[in-house]
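The values are calculated or read from the model by the stated rules, or taken from the named source; none is laboratory data. Note that the coordinates shown come from a computational prediction; the quantities given were computed from them, not determined experimentally. Glycine gets a Cβ as well: all are built from the backbone with ideal geometry, and neighbour counts include every protein chain shown.
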Amino acid sequence: MMVQKTKEYVIWCDESVQKGEFYSDFYGGMIVASGSLREVNERLCSVLTELGYGHEAKWQKVNQHTLPVYERFVQEVFALLREGKARMRVMFRQSAHVAQNLTPLQRDRSFHLLYYQFLKHSFGWPDATPEAHGAHVRIYFDKLPDKAEKNEMFKNHVYALQRLAMFQRSSIVIRPDDIAEVDSAHHTEMQAVDVILGAMAFRLNDRHKAIPEGARRRGKRTLAKEKLYKRIYAEIIKMYPRFNIGESTGHAHPGFSTKWLAPYRHWKFVPRDFTVDESRYK
C-alpha cells in the first residue's frame, strides 16, 4: 500500500516568561501538515469572527469580558489537536535548577540555545511517520526579542537542524527562506500557542494567587485567567487523564505512543549540570 506523502509542515513558535519565580523560559509551538493548513486556519479564525472579537488573541488580553471568547477559542484549538489536524508542544525550565559551568557565550545566548533545543527535541522528529518523510518544514517565529545579528545566527543554526541524524532519517528538508519572523497578529495559529503558553506560565508560577498591592482579594482579571487555565487543563485531561503540567509528558496513552503522534506534550528541560536553589521551589 502506497503511503500518501505530506509535502510540507508549518510550525508556529512563540515564547513566554523568561524569568519566573518557579518556572522560566517557556517555549511553545504548533505544527500543522499542509493538508490541514486551510481547515486549521479557517476554524480558528471563524471562532473569533463569529464571536465578534476583532483583536489578536493573546493571553495578556484575557479578562472577565473576553473570557467567553477565549474559552471557545481554546475549545476549538484542542478539538483540532484531538482530531489530529494539529499538534502542540510546550517546553519550560524549573527555576530551581540553576545551570552550572556555562561559558559567557552560552549565558549571553541562552534564549536562543534553549529555543534551538525546543525545536530539535520537542516534536519527535526521529519518530516521524512515513508520510512525513521527505517533507519540507517551514518555521515561523513571533518577532524575536534580541539583536538582529543574534537572531540571524540562531536562524542559521535552525536551518542546520536538517543535517542532524534525527532529521536525515526522515529526509526532512528546511530551506533558508522557510525560517522567518512574522507578525503574530496575522497568524491565528501562533495566537493559539500564545494563549496556551501564557496559561501554563501563569499557573506554574502561581500567578492565580496574586493579590494586587493594597487589595484584599484577587483581581477580576486574575480570576478570569484562572478560569481559562482550568478550561485548558480540562481539555488536556480529556487526552491525558492524570496530566501533570509541571513535568514532562510520559507515554501513558496507547494511541499517542510516540512524541511525533502525540497531540499535546510538555517538556521540562533539565540542564545537564545544575545545582538546586531551594528558595525557587514552591
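For Phe78, all conditions in the list (1) assigned to a helix (DSSP H, G or I); (2) within 14 Å of Ile31 (Cβ to Cβ); (3) modelled with pLDDT of 95 or more hold save one; what is the number of the exception?
(2)
So which of Glu235, Glu247, Glu213 is of a type outside the set (Phe, Trp, Tyr), out of contact with any Pro (no Cβ under 8 Å at 6 or more places or on another chain) and touching a residue at least 24 places away in the same chain (Cβ under 8 Å)?
On the way: Glu247 fails: touching a residue at least 24 places away in the same chain (Cβ under 8 Å); Glu213 fails: touching a residue at least 24 places away in the same chain (Cβ under 8 Å).
Result of the check over Glu235, Glu247, Glu213: Glu235.
Can you give me the number of residues within the range 98-150 that are assigned to a loop (DSSP other than H, G, I, E, B) and aromatic (Phe, Trp, Tyr)? I'd like the intermediate steps shown before the answer.
Kept after step one, since they are assigned to a loop (DSSP other than H, G, I, E, B), are these residues of the range 98-150: 100-103, 109, 122-124, 128-129, 133-135, 143-147.
Then keep just the ones that are aromatic (Phe, Trp, Tyr); that gives 123.
Total meeting the criteria: 1.
May I ask you to list the residues in the range 225-260 that are surrounded by fewer than 17 Cβ atoms within 10 Å (Cβ to Cβ), modelled with pLDDT under 90 and closer than 27 Å to Trp59 by Cα?
Across the range 225-260, the qualifying residues are Pro241, Arg242, Gly250.
Could you say whether any residue in the range 184-196 is surrounded by fewer than 18 Cβ atoms within 10 Å (Cβ to Cβ) and not in a helix (DSSP H, G or I)? Let's see the steps before the verdict.
Kept after step one, since they are surrounded by fewer than 18 Cβ atoms within 10 Å (Cβ to Cβ), are these residues of the range 184-196: 185-186.
When the remaining residues are screened for being not in a helix (DSSP H, G or I), the result is none.
No, the range 184-196 contains no residue that is surrounded by fewer than 18 Cβ atoms within 10 Å (Cβ to Cβ) and not in a helix (DSSP H, G or I).
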